[in-house]
1. Taking region B:82-119 only, how many residues are charged (D, E, K, R) and more than 10 Å from chain A (Cβ to nearest Cβ)?
2. Being without any contact (Cβ under 8 Å) to a residue 12 or more places away in the chain, under 20 Å from residue A:35 (Cα atoms) and either open to solvent by less than 20 Å² (accessible area, probe 1.4 Å) or of a type in the set (Val, Ile, Thr) (or both), is that true of even one residue in region B:79-101?
3. Do we find that residue B:24 is open to solvent by less than 50 Å² (accessible area, probe 1.4 Å), basic (Lys, Arg) and more than 10 Å from chain A (Cβ to nearest Cβ) in this structure?
4. If you go through region A:55-97, how many residues are assigned to a loop (DSSP other than H, G, I, E, B), within 14 Å of chain B (Cβ to nearest Cβ) and open to solvent by 10 Å² or more (accessible area, probe 1.4 Å)?
5. Filtering region B:61-78 down to residues that are surrounded by fewer than 21 Cβ atoms within 10 Å (Cβ to Cβ) and within 14 Å of chain A (Cβ to nearest Cβ), which residue is farthest from residue B:31 (Cα to Cα)?
6. In this structure, does residue A:42 turn out to be surrounded by fewer than 17 Cβ atoms within 10 Å (Cβ to Cβ) and either of a type in the set (Lys, Arg) or under 13 Å from residue A:107 (Cα atoms) (or both)?
Amino acid sequence: LAKTTQPISMDSYEGQEVNITCSHNNIATNDYITWYQQFPSQGPRFIIQGYKTKVTNEVASLFIPADRKSSTLSLPRVSLSDTAVYYCLVGATNAGKSTFGDGTTLTVKP
Amino acid sequence: GAVVSQHPSWVICKSGTSVKIECRSLDFQATTMFWYRQFPKQSLMLMATSNEGSKATYEQGVEKDKFLINHASLTLSTLTVTSAHPEDSSFYICSARDPGLAGGRNEQFFGPGTRLTVL
């Protein structure tokens, strides 16, 4: 399983764009990159998933360079409710397991 | 989206007793479910992969005789913590993938978690 590395914590202010980068140097050809958000005492919640280039949905964008050794989760105009831990996972196939890294604790300040 | 539920959401038990936690996929069938444990301020740690109709696959260091996993149907997996001790107190989370997702999507859908406190 590919190991992931993220910053331990990040601070931001309401209304700003936040970019969280994840390194995954050992990503395999059939691995997808998936980001989850977790609030205290809750299960993680899916944010976005991608394989290459750029993916955008209603809550975030995911940028993946051509070598796929890293990825960046972009949260536009964060609010206080975006304060959470964000995890980057790398894994393949529908039945395969994924390993969580340490995650990034994002704190949004007023 | 796919929904995974867990029951109970929290449980307090005495040391030495056994506790069963249920994980259900509500609107899809899951041949594989995953069980995680999370201690305060730490990341999720994968304990085991639950396979429908066969034995679970445990991660290194996880005692299979202590954490019994049963995946008797395509929508239900159970984790039983046997002879629980205070050090087993943790947040237990299950997840499953929906094989019916289109476009190669393979994200996991997580349950809300179960807080276990062993006195």
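1. Looking only at that region, the number is 2.
2. So far as region B:79-101 goes, no, none of its residues is without any contact (Cβ under 8 Å) to a residue 12 or more places away in the chain, under 20 Å from residue A:35 (Cα atoms) and either open to solvent by less than 20 Å² (accessible area, probe 1.4 Å) or of a type in the set (Val, Ile, Thr) (or both).
3. No: the conditions fail for residue B:24.
4. Residues flagged as assigned to a loop (DSSP other than H, G, I, E, B), within 14 Å of chain B (Cβ to nearest Cβ) and open to solvent by 10 Å² or more (accessible area, probe 1.4 Å) within region A:55-97 amount to 8.
5. B:61
6. So residue A:42 does not fit the description; no.
The values are calculated or read from the model by the stated rules, or taken from the named source; none is laboratory data. From a predicted model like this one, the values you see are computed outputs, not experimental measurements. Note: ideal-geometry Cβ built from the backbone for every residue, glycine included; neighbour counts use all protein chains shown. Note: areas computed on protein heavy atoms with side chains; ligands, DNA, RNA excluded. Shrake-Rupley method; radii C 1.70, N 1.55, O 1.52, S 1.80 Å.
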